[in-house]
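In what follows, a structure is listed as structure tokens, so that the remarks can point back to it.
The values are calculated or read from the model by the stated rules, or taken from the named source; none is laboratory data. Because the structure is predicted, anything quoted here is derived from the model rather than measured. Positions of Cβ are backbone-derived with ideal geometry, glycine not excepted, and every protein chain shown enters the neighbour counts. For accessibility, only protein heavy atoms count, side chains too; no ligands or nucleic acids. Shrake-Rupley method; radii C 1.70, N 1.55, O 1.52, S 1.80 Å.
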Amino acid sequence: MKKRVISSVATLFLLIGSACAAENYQYRVAFMPDIHFHDVYGTFQDGAFSGLKNQKSGQNAMIRTMYAQLTSTRLFNENYFALRAALDDAGRKGITLIALPGDFSDDGQPVHIRGLVKLLQEYQQKYGMRFFATPGNHDPNRPFDVPGGEEDFLGPQGKTQRIFSAGAKECKGYKGRTAVIKTDAELPTICSEEMVSSGYAYIMKMMAPFGMEPQPADIYWETPYSSWTPETYSLEKAKRASDFRQRQYEICAQGTGGKYKQPGYGPCFTVADSSYLVEPVPGLWLMAVDANVYLPTKDADASQAAQASNFAGSGDAGYNKMLTHKQQTLAWMTDVARRAKQQGKTLLTFSHFPMVEFDNGAAGDLEEIFGKGKFQLARAPQEDTSHALAKTGIGVHVGGHMHFNDTGVRKYPDGSLLFNIQAPSMAAYVPAYKTLNVISRSSIDVDTVILNSVPRFDELFEHYQQEWDHLNAIHSPHLWNKAVLGAKDYYDFTNWHMTELTRLRFIPEEWPCEIRQMLFSLNGADMLTLSQLDGQVPYREVMSVPQSDNHAICAPSRVDLPAQYVQKNAAAWRKAQDKARALVQQNGMTLEAFAAWNGFDLAVDFYRLRNADELALRDITATRLREYRLLTRTLAQSLPAKMPTVTADSDFETIFRLRFGSIFRVIDKYLQGSPSRNFHLDSETGEMKAR
């Protein structure tokens with residue numbers, strides 16, 4: 001009893017201390033990127049789709065299928081509840097400044113944008129919050145409206161409902177605002193303009209109250225295209241400068257237009273840039289950078305500038321293209337950073353895209369294992385890009401886009417430095433948001449708030465049950481693991497999402513076939529045994545690989561690799577197994593513990609660590625991590641200095657060591673990154689430490 005009382009008193013003092021610390025912060029700002037808001041209880045104003053009657057809420061749910069969610073890097077439906085939980089959490093903590101670094105909408109569709117605006121207005125009233133948004137590649141998809149929609153809404157009886165706007169898929173040439181078109185799909189396709197992927201004009205108009213236009217409460221506000229000083233600033237001037245027509249720049253296929261335009265550039269177009277700087281409270285500058293770069297396509301028609309078809313999406317462009325195609329915005333960022341320092345302002349910069357690579361230096365390993373074009377490596381800023389951004393002097397940047405939790409720090413010989421804080425998405429694993437708690441101009445505490453419990457997170461599960469029953473009845477290949485519906489809370493639900501995403505999408509699409517087959521036939525003990533093999537058994541003999549002109553190394557079906565190998569060289573396997581057992585004993589482990597996990601568990605942990613960094617450690621036991629590290633060290637000792645080309649003629653042992661040695665090396669790099677959960681940073685010295 002005495003110990004419990006002491007513990008309670010200690011907890012009370014800890015809470016009091018935390019409250020005092022919060023009161024001592026000069027500013028507190030919450031960063032919530034990649035909400036991907038889908039208004040699950042939204043209304044199609046044209047009445048084209050009414051959704052499904054929900055027994056818990058009594059409202060009609062307009063949702064995507066569970067299969068669609070489990071094969072996407074983001075949730076579509078439950079983030080509706082997660083956003084409310086995050087804002088309520090921030091509100092209870094007294095945080096009233098909320099930054100939305102892009103992808104705040106599902107795809108810029110009117111039905112979702114209206115719902116988001118309504119929700120943000122609700123929280124403005126509830127907690128006195130102010131929101132500051134900057135767009136991501138999903139809002140908008142292109143600079144101008146583009147036909148949109150989805151083929152995987154959930155319809156009656158658990159069937160899939162297709163809904164598109166005019167010009168998308170089968171919704172072409174219909175008259176009026178809505179239509180119903182019969183196809184071979186389970187349900188007739190619905191055509192509705194509520195599914196248009198809106199361009200900048202609509203997005204900036206609807207999000208105007210949330211940073212994109214100056215508000216009376218603002219102390220100061222500007223854009224890269226305005227021209228005044230704090231001394232000459234007025235709300236009337238800012239209002240005029242915030243007009244959509246005043247926030248345009250020229251972009252060419254080869255680079256930035258306008259005064260940066262080079263001879264021979266073309267075709268060139270005029271598009272919007274929604275970047276702005278705002279001082280919402282005395283001394284704090286929030287710089288919202290619109291880092292979308294929509295490159296003109298090769299077949300762009302300069303005579304039809306306002307057509308979305310003239311532009312590529314911005315998802316892979318990011319800051320690598322900002323440097324070449326949006327130079328005026330980079331120059332403005334440099335000028336803002338200079339003025340902030342002169343005027344003693346605390347500057348916090350946020351945008352949708354990362355400014356530093358997000359794989360802890362493992363990009364080369366990932367490309368070597370999985371090949372070019374995989375793992376979204378094209379989205380990573382190049383090192384010279386990060387250096388150029390550090391030289392702007394902004395110091396601290398919060399980004400999103402990747403749905404990753406990560407911290408990247410760059411210090412360069414010229415004295416420039418940059419902290420890139422990747423804030424995670426509440427629509428993915430691990431669901432969370434970041435708070436930057438400013439102590440002084442250069443001293444900041446960064447906290448990561450995990451959304452464990454989200455009220456109503458399972459409110460839509462009755463509809464998913466109906467979907468599962470339907471898929472099971474028709475023996476659909478899209479049948480997902482029903483255990484997802486047993487999630488005990490929102491965190492557990494996103495953990496299931498990551499597990500199923502790995503099984504249904506990542507492994508089939510990203511992992512080379514020879515690794516896939518090893519994953520599904522090896523456990524940890526087998527992997528350690530293979531690391532000790534001295535034999536030279538041809539890969540094709542173990543995998544029974546059919547010969548082909550291109551030396552395919554995929555077996556036609558799943559193979560029991562240990563049994564196959566024993567058939568070819570039983571003595572070598574037994575010897576390797578003895579060596580593996582001795583190795584684990586030397587390290588205080590058991591081979592039986594290694595056998596408790598398999599290749600699929602390894603793949604899921606791989607993605608957990610890539611997405612969530614140290615946040616994933618609650619789902620990977622310390623024992624498992626020690627086992628991974630032993631395999632990392634063991635395989636590293638047998639990796640050749642120069643990686644040979646893998647073919648069906650390679651020996652099995654070499655292929656295993658190359659592939660899995662690299663995989664464990666990447667995992668080790670993920671475990672060696674900078675603090676990414678709760679930490680303190682100094683933007684002048686470049687120092688940081690975990691808290």
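Overview of results
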read-out	value
Which of S442, S386, F131, positive extreme of dipole for the chain (C-beta unit charges)	S442
Modelled FRET efficiency - R0 60 Å, K488 with R339, Cβ distances, 0.05 increments	0.75
Simple spin-label estimate for D469 and Y174 in nanometres, 7 Å along Cα-Cβ	2.9
Rounded if a/c under 1.5, otherwise prolate or oblate - segment 223-297, Cα gyration tensor axes	prolate
Residues of type lysines that K326 reaches as a straight line, Cα spacing below 23 Å, ignoring anything fewer than 8 places off in the same chain	K205, K259, K261, K298, K391
R618/R574 FRET efficiency (R0 51 Å; Cβ-Cβ; nearest 0.05)	0.85
Antiparallel DSSP beta bridges within the chain, as percent of all bridges there, nearest 5	70
Cα-centred dipole magnitude for the chain, charges only on beta-carbon of K, R (+1) and D, E (-1), debye, nearest 20	1100
Rounded Å value of the spacing that divides the Cα centres of segment 474-522 and segment 426-441	28
Packing-based order for 76-83, 155-162, using average beta carbon neighbours within 10 Å, highest first	76-83, 155-162
Per-residue [θ]222 nm for the chain (sum of -39500 (n - 2.57) over DSSP H runs n ≥ 4, rounded to 500)	-10500 deg cm²/dmol
For a label point 7 Å along the Cα-to-beta-carbon line of E462, residues of segment 45-65 with backbone N under 18 Å	50-65
Entry for volume of the Cα convex hull per residue in Å³ (calculated from the structure that is shown) out of (i) 203; (ii) 187; (iii) 229	(i)
Residue-count net charge about A340 - beta-carbon cut-off 14 Å; Lys, Arg +1, Asp, Glu -1	+1
S638-R505 pseudo-label distance in nm [points 7 Å out on the Cα-to-Cβ vector]	3.5
Percent RCO, i.e. relative contact order, over the chain, from Cα pairs under 8 Å lying at least 6 residues apart	13
Potential extension, K237-A582 segment - 0.36 nm per residue separation minus Cα distance	116.6 nm
Most to least packed among 441-451, 675-685, 106-116 [average Cβ atoms within 10 Å]	106-116, 441-451, 675-685
Fraction of antiparallel bridges per DSSP, segment 21-147 only, in percent to nearest 5	20
Length released on extending from L479 to A185, taking residue separation times 0.36 nm less the Cα-Cα span	104.1 nm
Surface accessible to a 1.4 Å probe, per residue, for the residues of the chain, Å²	40
The chain, accessible surface, carbon-and-sulfur percent (1.4 angstrom probe)	49
Residues K259 and D301, FRET efficiency given R0 of 25 Å [Cβ-Cβ distance, rounded to 0.05]	0.50
Loop-located trypsin sites (Lys or Arg not before Pro) in segment 295-354, at most 13 other Cβ atoms within 10 Å (DSSP)	K298
Virtual spin-label span in nm between K411 and I219, 7 Å along Cα→Cβ	3.1
With Cα atoms, 0 to 90° folded angle of helix 652-670 axis to the chain main axis	40
Contour minus Cα-Cα distance for A331 and T685 (0.36 nm per residue)	125.1 nm
